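The values are calculated or read from the model by the stated rules, or taken from the named source; none is laboratory data. Nothing here was measured: the structure is a model prediction, and the numbers come from that model. Every residue, glycine among them, receives a Cβ derived from its backbone with ideal geometry; neighbour counts consider all protein chains shown.
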Amino acid sequence: MDFALLLLSLWALAGTASLQASGTTGSCPERLLGEERRRTCPRPCKADRDCGNKRQCLCDGQCGLSCVAPGRTCPWPLPPSDNSTARLLSPTHSFSALLEVRCNPGFALPNGLDATIRRCQGDRQWSGDEPICTGTESPTAHAAQTCPLPDEVINTFSIQGSAAIGTSIRYSCLSGADIVGSSENFCQDNQTWQYPHPICQKVYCLPPREVEQGYVVAVQKTEYEVGFDIHYLCKKNFLLDGPQKVTCLSNGSWSALPPYCRARCLIPAERSRVEIGGVKRWPFDVTDAMVPHGENVTFYCKHPHKQCSFSATQTCFDGKLRPSTCYLEPTWLQYKLFPHRLVSEIEACEPGDVE
């Protein structure tokens, strides 16, 4: 039992750290420790930007992805108890830290186990109810009141509920895989389980599609394990449009569709100034006379009846940028002989002059 509990503790600690590291991937698999009942939950979120400056979007047990202040701590040390001993399984007692409460010899928890794991939640409280260790008559009498849980089951599943006669338990795969078999079981009067213990079926993600003008930063495989990350990079002069990283989820799908690598656009003007990023510039003064994907370019058009100009904006999209329909490219003679009369250089129209 001690060896199985140690493995469960190490898994929970690694799983919690993994969830915090990917706090903004949008995934929060249900991996609960015991009875993590909550009265209140922090504000839900999908990414760090949904939270304030001092909070992050982290997986907070039963509450799922929530706005949490990771530096907050849970009470420690706990008040001493004659029937149990508490010790930290994490370096600190801050958010997501794990705490083991172990019953002293001769005592046990209501579910028949001699230890439980609690997690420091976003509400600064340890998960679950306060463990209460009560006296047992003898190991033989205790065993006669419960159904056995083999080590391979404890090491494979997170088990909620009680193994005592007349009660039920629920299984969830520690790996996040799908359960094959019944997810619930009932301890019968003859100390046997109503159904065979289920198994965890491995889940994989197929390779995502290739990205034109881009690179996949990952080991090439025919299938990827749950939790595996794939990173994307674009070739020079191309801009990443979409997620830079996707993760294999427990349902066999990727956390997002692959991105696109978008091309730059050539500025369709030569002899007129345009506005880029709020600054008027000659196209030949811009590097390669090109702008990146998503950049706005403002062209200057002449009023049909007045000696003034008004602006019209177009956006570069994956190598395509068309001038506004009202824009006319100055002739070479206009550009050379009368540069001060170019439409981009004359006075702007009054707001009421432009319909």
Odd one out for Phe299, checked against (1) part of a loop (DSSP other than H, G, I, E, B); (2) within 17 Å of Val343 (Cα to Cα); (3) not aliphatic (A, V, I, L, M): (1)
Residue ID - nearest to Ala348 (Cα to Cα), chosen from residues in the stretch 231-270 that are surrounded by fewer than 18 Cβ atoms within 10 Å (Cβ to Cβ) and charged (D, E, K, R): Glu270
Every pair of residues 6+ apart whose Cβ atoms lie under 7 Å, when the first sits in the stretch 156-167 and is assigned by TED's automatic domain parsing to the domain that holds Arg118 and at pLDDT 90 or above while the second is buried (at least 19 other Cβ atoms within 10 Å of the Cβ) and among the aliphatic types (A, V, I, L, M): none
Pick from the stretch 221-230, criterion exposed (fewer than 15 other Cβ atoms within 10 Å of the Cβ) and assigned to a loop (DSSP other than H, G, I, E, B), ranking: nearest to the chain's Cα centre (by Cα): Glu223
The one condition in (1) within 30 Å of Cys51 (Cβ to Cβ); (2) basic (Lys, Arg); (3) touching a strand residue (DSSP E or B) at 6+ places or on another chain (Cβ under 6 Å) that Arg124 fails to fulfil: (3)
Where a residue in the stretch 224-240 is on the phi > 0 side of the Ramachandran plot and its partner, wherever it lies, is of a type outside the set (A, V, I, L, M, F, W, C) and not in a strand (DSSP E or B), with Cβ under 6 Å and at least six apart: Asn237/Arg264
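Condition (residue is among the polar types (S, T, N, Q) and modelled with pLDDT under 90) applied to the stretch 223-240: is it met by at least one residue?
no
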Residue satisfying condition, being at pLDDT below 85, more than 30 Å from Ile132 (Cβ to Cβ) and either surrounded by 15 or more Cβ atoms within 10 Å (Cβ to Cβ) or touching a Lys or Arg at 6+ places or on another chain (Cβ under 6 Å) (or both), within set Gly61, Gly52, Gly26: Gly26
Within the stretch 70-125, considering residues that are more than 30 Å from Pro148 (Cα to Cα) and charged (D, E, K, R), the one surrounded by the fewest Cβ atoms within 10 Å (Cβ to Cβ): Arg124
Flag if Ser324 is surrounded by 15 or more Cβ atoms within 10 Å (Cβ to Cβ) and either farther than 30 Å from Cys261 by Cβ or in the same structural domain as Gly242 (by TED's automatic domain parsing) (or both): no
The stretch 278-304: number of residues that are more than 12 Å from Thr315 (Cα to Cα), small (Gly, Ala, Ser) and out of contact with any helix residue (DSSP H, G or I) (no Cβ under 7 Å at 6 or more places or on another chain): 1
The one condition in (1) surrounded by fewer than 14 Cβ atoms within 10 Å (Cβ to Cβ); (2) in a loop (DSSP other than H, G, I, E, B); (3) modelled with pLDDT of 90 or more that Tyr215 fails to fulfil: (2)
Strands (runs of 3 or more DSSP E) (entirely within the stretch 95-187) containing at least 2 residues that are touching a Leu at 6+ places or on another chain (Cβ under 9 Å) and at negative phi: 98-103, 115-119, 157-161, 168-173
